[in-house]
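See below for the structure under consideration.
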Amino acid sequence: MPGRPALLRRSTPVAGPGSLALLLPLVLAAALATAVPAVSTARPAAAATTATGAVTGAKVIAETDVAPRTIDLTVQSPAMGAQEKVRLLLPPGWSRTADRRWPTLWLLHGGVDDYTAWTRDTDVAELTAHSPVIVVMPEGGRCGNYSDWWNYGNGGSPEWETFHMKELRTILENGYRANGHRVVAGNSMGGLGAMLYAARFPGMFAAAAAFSGYVDTLYGYKPGDDSIGWGPSFSCPGTDWRRVWGEPDAQAAIWHAHNPTDLAGRLAGVRLYVASGDGKAGSLGGLPFTDPVEAAANDVSHAFADRLDALGIPVATRFFDGQHSWPYWQRDLHDAYPMLMRALGVS
């Protein structure tokens, strides 16, 4: 097919992919690690303003140095009605008073995880050590789905999309020397977020990469099948999954507006990368049986890539023997990284 390498043959699904697709946030390869405490230094921060000058009200209320080049921001977010965390990896030579600005690589985490995931479980700090980019790793919630929640038609918090695409983006550009050049990547739920943000905000990101992402949220869906949506209830016990996008029949427009496969036509001109495993243990190890979550990710990733092909939109793909775990996502990031940097004009 034009625009992407030949695909490996897809595996036979081990379970209904419609329901498994939204269970991707449930699986993590490693338990969450406790961050090393660091001294927090609160610094005055002006309220963020959008490109039009409207005040968002979001502001940084504290910064914490956690490792070389690494700072955590605590953001008071009106969109979230709470304080949220963001981790930054700063490039060589960065300073708040520098006479230049830097492009950004947004790395989005998966479900049942947090903003520390990429530095905790991969070598992203080493990988980016000599790259002139700011790496942005925002909190996305255990089951946030990188969306402003419907909340039974009432809207309101959590508004993850608004927090990231308006409040945080503006904070970075106003206070942390970020420029307007961006790329985005993510694993599992973060893969959904990467493609959603690239499609829902045309021109915002020059490239997007999804690693084991559930990038076709309506894959295998049949009217009346509520099982496709209940992943968030497992990721966030006690949460009604209908709060996120509503019911797939009654709120069909919202579901389609948050399905990367339905939005694929809006990705024309964005450099794209999609990777997933077939669920079987590969060269980087894994469970001695087929991982049903990764097998489902594989199915939806193929469906998404097929849709892009049908639209004539180029996409680089990597389909392999592998499972839903960090060794494979680290390899995916390394594989996609040159493309992401080229999209930013960085060598």
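In the distance distribution for region 271-347, Cα-Cα pairs more than 17 Å apart total 49 percent.
Which one of Gly220, Ile254, Leu272 is farthest out on the positive end of the charge dipole of region 210-313, using unit charges on Cβ (Lys, Arg +1; Asp, Glu -1) and the Cα centre as origin? Value: Leu272. Seen from a random direction on average, the alpha-carbon convex hull of region 50-204 projects onto 9.2 square nanometres. For all pairs of alpha-carbon atoms in region 189-347, what percent lies in each bin of width 5 Å, listed from the first bin to the last filled one? Cα pair-distance distribution for region 189-347, in percent: 2, 10, 17, 20, 19, 16, 11, 4, 1, 0. Whole-Hz Karplus values for region 215-223 come out as 9, 9, 6, 10, 4, x, 6, 10, x Hz, taken residue by residue from phi with 6.51 cos²θ - 1.76 cosθ + 1.60 and θ = phi - 60°; glycine and proline positions read x.
Note on Lys59: aspartates and glutamates with a C-alpha under 18 Å away, same-chain residues under 8 apart excluded, are Asp72, Glu84, Glu139, Glu159, Glu161, Glu167, Glu173. Express in Å², to the nearest 10, the accessible area of Asp123 obtained by rolling a 1.4 Å probe over the protein heavy atoms while all chains stay in place. Here the residue's solvent-accessible area equals roughly 40 Å².
Between Leu127 and Ile61, full extension at 0.36 nm per residue minus the direct alpha carbon distance yields a gain of 20.8 nm. Its Cα centre serving as origin, region 151-287 has a Cβ charge dipole (Lys and Arg +1, Asp and Glu -1) of approximately 520 debye.
In this structure region 92-205 gives 30 Å² per residue of accessible area when probed at 1.4 Å with all protein chains present. Kindly identify region 117-183 as rounded, prolate or oblate by the Cα gyration tensor criterion: order the square roots of the eigenvalues as a ≥ b ≥ c, call it rounded if a/c is under 1.5, otherwise compare a/b with b/c, prolate if a/b is larger, else oblate. Oblate, because a/c is 1.5 or more while a/b does not exceed b/c. Based on every Cα atom in region 112-245, Rg and the maximum pairwise Cα distance Dmax equal 15.8, 51 Å. Using a/c under 1.5 as the rounded threshold, could you call region 214-287 rounded, prolate or oblate? The axes a ≥ b ≥ c are square roots of the C-alpha gyration tensor eigenvalues, and prolate needs a/b larger than b/c, oblate otherwise. Here region 214-287 falls in the oblate category. Full extension of the chain segment joining Asn154 with Asp335 gains 61.0 nm, where the gain is 0.36 nm per residue of separation less the Cα-Cα distance. Legend: residues His258, His334, sorted from most to least accessible area (1.4 Å probe; ligands, DNA and RNA excluded), read His334, His258.
The values are calculated or read from the model by the stated rules, or taken from the named source; none is laboratory data. Computed from a predicted structure; not experimentally measured. FYI the Cβ positions are ideal-geometry reconstructions off the backbone, even for glycines, and counts take in every protein chain you see. Areas reflect the complete protein model, heavy atoms only, side chains present, ligands, DNA and RNA absent. Shrake-Rupley method; radii C 1.70, N 1.55, O 1.52, S 1.80 Å.
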